[in-house]
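One structure is given below, encoded as structure tokens.
The values are calculated or read from the model by the stated rules, or taken from the named source; none is laboratory data. Keep in mind that this is a model prediction, so the values were computed, not measured. Neighbour counts run over all protein chains shown; Cβ positions are idealised from the backbone, glycine included.
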């Protein structure tokens, strides 16, 4: 059987595209191998909207070109192909290019490469089809459901609309059918993704919404449903109500605010609102919710006053998880041409300051969990340790729970765990059957 080695870089949305490529190729008789040197075809699905993502893509191109056997085609796909296709098509080590928006075109690209041609499937604009086909799931026991393609927001630092096109929402029926297939495969956690998941349905003009979609998906036999990439200006009362009242929807919300200072938010092209008030509103409706957000330091014009405002926001918000990035002046974005660019040394210093503040917050919040009992989704085994997550942590980006046990427990099982320790990022615990939780101990003491 013909073997394909596929390397997927970047975000979960890109992983979904990679899974679709593999699903399409499986229909043509291709099987998967992890080794480029044993493959008859090598595919690199790239990220490319930040300079460091471009650097990673370039490093992988060099590595795969060196590791694959002579004559084996190398297809470069995804955002970097869309961004720099004109330059990449001149590279002799690259056999073909596939842009964004329609992963199913991989079949055409492969046929052309095997026929000795050099396909260049990169348009002036990204492809317009947001539909998905068969997928080869690479992330079990969780899987991602990409509900939209592209983005119609106009953040002045972001290349995504140029690389992925405008917002295109998939049909509810199509998404539910795909989710049913994922559930049938044994997926336990469904993670909803898109460039802006809360914009889902806005382009359809028929009342379609993320809240309505989640209610439909909650009828399926998933243990957990999680929402990532929400937009702070689109957190509706209906969505919060669905999260609060639906048992299988995780009490977790990922919503990048990027900054707290009104002047910087306006310069970014972001909604000017008080994120502290937003978080308070969310916490009042959804008791115990875990909030993850993202902030950017060093945006052009960010002086000490604006940075201090951001630092104060992080201290007061006490979010559960925080992503911190330094501004990157990407060619083609309005922000790259703005005056008052902040120096790299200042950016790094500010990033370290925010990271130190959040580390202490995270350490304190996780310490409070010691002695409590949580349901943990087991993801893998490392020797005598099971590694899993609570509903308050997203896969791949948040912390984990490490459970010391030799008991044979399958991946994808949800087990009750008593937390016994913590650090700034992760928890440790034991199976609840081996130790009562703090709450159990209190109840036992009270009844004695």
Only one of 167, 190, 213 is under 12 Å from residue 145 (Cα atoms) and in contact with a strand residue (DSSP E or B) (Cβ under 7 Å, 6 or more places away or on another chain), namely 190
Among residues of the range 313-333 being in a loop (DSSP other than H, G, I, E, B) and out of contact with any helix residue (DSSP H, G or I) (no Cβ under 8 Å at 6 or more places or on another chain), the residue nearest to residue 263 (Cα to Cα) is 333
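Here is a yes/no grid of residues against (1) within 19 Å of residue 15 (Cβ to Cβ); (2) touching a helix residue (DSSP H, G or I) at 6+ places or on another chain (Cβ under 8 Å); (3) in the same structural domain as residue 11 (by TED's automatic domain parsing):
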site: 67; (1), (2), (3): no, yes, yes
site: 75; (1), (2), (3): yes, yes, yes
site: 80; (1), (2), (3): yes, yes, yes
site: 96; (1), (2), (3): no, yes, yes
site: 102; (1), (2), (3): yes, no, yes
Matching residues, the range 109-128, being surrounded by 17 or more Cβ atoms within 10 Å (Cβ to Cβ), out of contact with any helix residue (DSSP H, G or I) (no Cβ under 6 Å at 6 or more places or on another chain) and modelled with pLDDT of 95 or more = 109, 110, 112, 113, 120
Does the range 59-80 contain any residue that is in contact with a strand residue (DSSP E or B) (Cβ under 9 Å, 6 or more places away or on another chain), assigned to a helix (DSSP H, G or I), closer than 28 Å to residue 336 by Cα and touching a residue at least 40 places away in the same chain (Cβ under 8 Å)?
-> yes
Could you tell me whether any residue of the range 422-430 is assigned to a strand (DSSP E or B) and touching a residue at least 60 places away in the same chain (Cβ under 8 Å)?
-> yes
Every residue from the range 292-312 that is surrounded by fewer than 22 Cβ atoms within 10 Å (Cβ to Cβ) and not in a loop (DSSP other than H, G, I, E, B) | 292, 294, 304, 305, 306, 308, 309, 311, 312
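Does residue 202 satisfy being at pLDDT 95 or above, under 30 Å from residue 299 (Cβ atoms), in the same structural domain as residue 269 (by TED's automatic domain parsing) and surrounded by fewer than 17 Cβ atoms within 10 Å (Cβ to Cβ)?
Values: at pLDDT 95 or above: yes; under 30 Å from residue 299 (Cβ atoms): yes; in the same structural domain as residue 269 (by TED's automatic domain parsing): yes; surrounded by fewer than 17 Cβ atoms within 10 Å (Cβ to Cβ): yes.
So residue 202 passes the test.
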Residue that is surrounded by the fewest Cβ atoms within 10 Å (Cβ to Cβ) [pool: residues in the range 387-407 that are outside any loop (DSSP other than H, G, I, E, B) and within 23 Å of the chain's Cα centre (by Cα)] | 387
Look through the range 244-266, keep the residues that are part of a helix (DSSP H, G or I) and in contact with a helix residue (DSSP H, G or I) (Cβ under 8 Å, 6 or more places away or on another chain), and return whichever of them is nearest to residue 222 (Cα to Cα).
-> 244
Identify all residues within the range 33-53 that are touching a helix residue (DSSP H, G or I) at 6+ places or on another chain (Cβ under 6 Å) and over 20 Å from residue 151 (Cα atoms); write none if there are none.
-> 36, 37, 42, 44
Evaluate the range 145-161: report whether one residue or more is surrounded by 16 or more Cβ atoms within 10 Å (Cβ to Cβ), free of Cβ contacts under 8 Å to residues at least 12 places away in the same chain and either in contact with a helix residue (DSSP H, G or I) (Cβ under 7 Å, 6 or more places away or on another chain) or not assigned by TED's automatic domain parsing to the domain that holds residue 393 (or both).
-> yes
Would you say residue 346 is within 22 Å of the chain's Cα centre (by Cα), within 27 Å of residue 424 (Cβ to Cβ) and assigned by TED's automatic domain parsing to the domain that holds residue 160?
-> no
Please work out which one of (1) part of a helix (DSSP H, G or I); (2) in contact with a helix residue (DSSP H, G or I) (Cβ under 7 Å, 6 or more places away or on another chain); (3) under 28 Å from residue 168 (Cβ atoms) is the condition residue 230 fails and give its number.
-> (1)
Yes or no: residue 433 at pLDDT below 95, farther than 25 Å from residue 185 by Cα and either part of a loop (DSSP other than H, G, I, E, B) or outside the structural domain of residue 221 (by TED's automatic domain parsing) (or both)?
-> yes
Any idea which of (1) at pLDDT 95 or above; (2) under 25 Å from residue 165 (Cβ atoms); (3) assigned to a helix (DSSP H, G or I) is the one residue 85 doesn't satisfy?
-> (1)
Here is a list of conditions, (1) outside any strand (DSSP E or B); (2) surrounded by fewer than 19 Cβ atoms within 10 Å (Cβ to Cβ), and residue 106 meets all of them except one; can you say which number that is?
-> (2)
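I'd like the full set of residues that are touching a strand residue (DSSP E or B) at 6+ places or on another chain (Cβ under 8 Å) and either surrounded by fewer than 22 Cβ atoms within 10 Å (Cβ to Cβ) or assigned to a helix (DSSP H, G or I) (or both), limited to the range 170-182.
Selection gives 175, 178, 179, 182.
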